[in-house]
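The values are calculated or read from the model by the stated rules, or taken from the named source; none is laboratory data. For clarity, every value in this text was computed on a predicted model and none was experimentally measured. When we count neighbours, we look across all protein chains shown, and the Cβ atoms used for this are built from the backbone with ideal geometry, even at glycine. Ligands, DNA and RNA are excluded from the accessible area calculation, which covers all protein heavy atoms including side chains. Shrake-Rupley method; radii C 1.70, N 1.55, O 1.52, S 1.80 Å.
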Amino acid sequence: MWGSGYTAGALPELPWVRGAHQVLYWGDADADGFAILNALRSRLAADGASVPIVSVAMDVETVQRFLHLAVADPGDTTRVLPHLTDDEERARRFLVASGAKRLEQERVSLEWALAMPEFAAVWGYRRLG
């Protein structure tokens with residue numbers, strides 16, 4: 001799904017999502033992107049679904065690597081997001097500590113992102129070099 005924003009929380013209503021082995025989520029590494037990921041996991045947990053939501057390129061290594069491409073984040077960086085993994089929370093805090101930054105996914109090289117292990121497992125794409 002692309003460009004759904006906060007409506008991603010409704011994805012668990014789709015039978016193919018509820019029956020999936022896992023769902024890969026690549027959102028902006030920013031206040032809203034992490035909040036959407038949190039809401040999606042919260043909704044699935046509340047509905048009793050056991051589909052893991054795996055984030056891609058929303059980790060500390062990614063935000064550190066591409067921090068030079070980050071811009072100011074106008075979102076609410078003070079929210080408590082209990083459904084983030086430790087690494088996602090560290091990435092979120094790193095962006096806040098770096099001056100409330102946001103790393104929009106379109107700023108990251110698509111070739112680099114598609115070579116992430118999670119995506120490579122789906123498409124068989126390998127990072128060159």
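Considering region 42-69, and only residues there that are of a type outside the set (A, V, I, L, M, F, W, C) and touching a Pro at 6+ places or on another chain (Cβ under 6 Å), the residue that is surrounded by the fewest Cβ atoms within 10 Å (Cβ to Cβ) turns out to be D47.
Against the definition (aromatic (F, W, Y) and in contact with a strand residue (DSSP E or B) (Cβ under 7 Å, 6 or more places away or on another chain)), how does F66 come out, yes or no? Yes; evaluated as a whole, the condition is true for this residue.
With the requirement that a residue be within 21 Å of V56 (Cβ to Cβ), open to solvent by 30 Å² or more (accessible area, probe 1.4 Å) and not in a loop (DSSP other than H, G, I, E, B), what does region 70-88 give you? Of everything in region 70-88, those that are within 21 Å of V56 (Cβ to Cβ), open to solvent by 30 Å² or more (accessible area, probe 1.4 Å) and not in a loop (DSSP other than H, G, I, E, B) turn out to be V71, D86, D87. Can you work out which of the residues in region 3-41 that are closer than 14 Å to I53 by Cβ and of a type in the set (D, E, K, R) is surrounded by the fewest Cβ atoms within 10 Å (Cβ to Cβ)? Selected residue: R18.
For residues in region 15-62 being among the hydroxyl-bearing types (S, T, Y) and modelled with pLDDT under 90, which is nearest to R102 (Cα to Cα)? Residue satisfying both the conditions and the ranking: Y25. The single condition among (1) farther than 25 Å from R18 by Cβ; (2) crowded, with 18+ Cβ neighbours inside 10 Å that R93 does not satisfy is (2). The residues of region 94-109 that are over 14 Å from the mean Cα position of the chain (by Cα), in a helix (DSSP H, G or I) and at pLDDT 95 or above, listed by number, are F94, V96, A97. Within region 37-50, the set of residues being touching a helix residue (DSSP H, G or I) at 6+ places or on another chain (Cβ under 9 Å) and either within 23 Å of A91 (Cα to Cα) or part of a strand (DSSP E or B) (or both) comprises L37, N38, A39, L40, S42, R43, L44.
Scanning region 1-36 for residues being among the small types (G, A, S) and under 21 Å from L95 (Cβ atoms) gives a total of 7.
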